[in-house]
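A quick write-up on the structure given underneath.
The values are calculated or read from the model by the stated rules, or taken from the named source; none is laboratory data. Owing to the predicted nature of the structure, the values given are computational and were not obtained by experimental measurement. Here the Cβ positions follow ideal geometry from the backbone for every residue, glycine too, while neighbour counts run over all protein chains shown.
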Amino acid sequence: MPLYDCMLLLKPNVTKEALMDLASRLGQHVYRRNGVLTDLKSFGTVQLGYGIKKLDGRYYQGQLMQMTMMTPPSFNSELYYLNKEDRLLRWLLVKHREMKFGMEFFGEDDAKSELRSFRSNLYDDENIEEDEDDDDDDDEQSGTKEG
Amino acid sequence: MKLIGSALWRSNATLSRQFQSPHGIRAFSTSPFSGADNGQNMNSSESIDDFEQRIFSDGNRPSMSSFYQKLDRAEKAHDRSGTGFSFTMGNRSGFMDGLDENYNSLADGMDYKLKKAASYFEFDPDEVAKEDYAFRPDVNFLSGMNYDTKDLDLRKPGVRKPIKRNEFETTTEEVLLKADFRNVKFLANFITEAGIIIKRSKTGISAKAQRKVAREIKTARAFGLMPFTTMGTKQFIYGTTMEDEDRDFEYQTYDHSFVNDDRGDAMES
């Protein structure tokens, strides 16, 4: 069974409970097909590229969620019931890619450098040693990346 | 035979008249030089020097009035009288007046004026204190730009240095690593202000990477994370809403602090 990513884009006003209800419903489906849920991730509220028009208006933000699961390939057609889900703006099942996620994925070097500049602003030049340590860490990471 | 002879004579006469008439016309419409020609023809016996002296006035002997001087005088009198003033006459007289006996174009003071105009460079001694003063107006020095002393040499034409914009640059490896429809921040670098995917000749990445980028952008579009087109509303910037906001329609103001202060006051009151 291949590994899939199920991306769910929910309306911004959906509560956490409703969101978890949807996710658990999906998980039940996966388990019914002898699948495995390997990961569950929330990207929080994201800004959309255009206003998605639903029955109750236009949405310019959405809550992005990702479920990583191991299911049979026929699972996609079983998710069609999600089209009728009124809490969802979009959903998508894609093959899982070996990608870095979270901070590593979204920020990459940019966000890390931003963070570091923020930290250096906080402490200024008082803790030079710590900065040096950070640099060392980064070097090691980049080394592993290359390797 | 007589009849024929008279006829011949008549035809000859008419012919000769026809030939003569253009000559007569040319004689009437001659410039002053044609008169000189006539004079030369009539007095072919006199020497060339005599002739020149008679026609053109001799500087050494101004007392002897030449043909042209006489003509000038006659013309002036004619003009003053005001009768029979024609365009050609006036023109000619003016031309002749300009070339009067002691006339010298260098002595009219124009030469001095021209020299002065050519050598004078208009400048304002208080120029430096003016608001829009620029030492090198032909070069736009931006803040944070470096310049050599060579650049300040006013004798050399200013070389406009292209402004280095920090444009997005990427490599094929980076694209293959980062391109994903969830990584909107990265993909947003590959669309124009209007939301169109930037072509490969601009991005400079491999065909494989470009295909991947295009595919991911299209996936992101379908998923709603990226715009198909901004439809001329506003540019898609990662992390900002595409919703029309009031401040999008505000006039752009450059007097930053002033306007902000005003607005703050208005909000408080």
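Can you find even one residue in the range A:35-54 that is more than 18 Å from the chain's Cα centre (by Cα), of a type in the set (D, E, K, R), at negative phi and more than 14 Å from chain B (Cβ to nearest Cβ)? No, the range A:35-54 has no match at all. The numbered conditions (1) buried (at least 17 other Cβ atoms within 10 Å of the Cβ); (2) assigned to a helix (DSSP H, G or I) are all true for A:Val46 except (2). Counting the residues of the range A:1-16 that are in contact (Cβ under 8 Å) with a residue 60 or more places away in the chain and either surrounded by fewer than 17 Cβ atoms within 10 Å (Cβ to Cβ) or on the phi > 0 side of the Ramachandran plot (or both) gives 3.
Somewhere in the range B:190-202, is a residue within 14 Å of another protein chain (Cβ to nearest Cβ) and farther than 26 Å from B:Thr229 by Cα? Taking every residue of the range B:190-202 in turn, none turns out to be within 14 Å of another protein chain (Cβ to nearest Cβ) and farther than 26 Å from B:Thr229 by Cα. Looking only at residues in the range B:183-241 that are without any contact (Cβ under 8 Å) to a residue 40 or more places away in the chain and at positive phi, the one that is farthest from the chain's Cα centre (by Cα) is B:Gly224.
Scanning the range A:66-94 for residues being within 12 Å of another protein chain (Cβ to nearest Cβ) and either part of a loop (DSSP other than H, G, I, E, B) or closer than 17 Å to A:Leu3 by Cβ (or both) gives a total of 4.
A residue that is more than 10 Å from chain A (Cβ to nearest Cβ), part of a loop (DSSP other than H, G, I, E, B) and modelled with pLDDT under 90 occurs somewhere in the range B:211-234.
Residues that are among the polar types (S, T, N, Q), within 11 Å of another protein chain (Cβ to nearest Cβ) and either within 30 Å of B:Ile197 (Cα to Cα) or free of Cβ contacts under 8 Å to residues at least 40 places away in the same chain (or both) do not occur anywhere in the range A:19-33. Among the residues of the range A:55-64, those that are within 11 Å of chain B (Cβ to nearest Cβ) and in contact (Cβ under 8 Å) with a residue 24 or more places away in the chain comprise A:Tyr59, A:Gln61, A:Gly62, A:Leu64. Scanning the range A:33-81 for residues that are of a type in the set (Gly, Ala, Ser) and under 28 Å from B:Met242 (Cα atoms) returns A:Ser42, A:Gly44, A:Gly49, A:Gly51, A:Gly57, A:Gly62.
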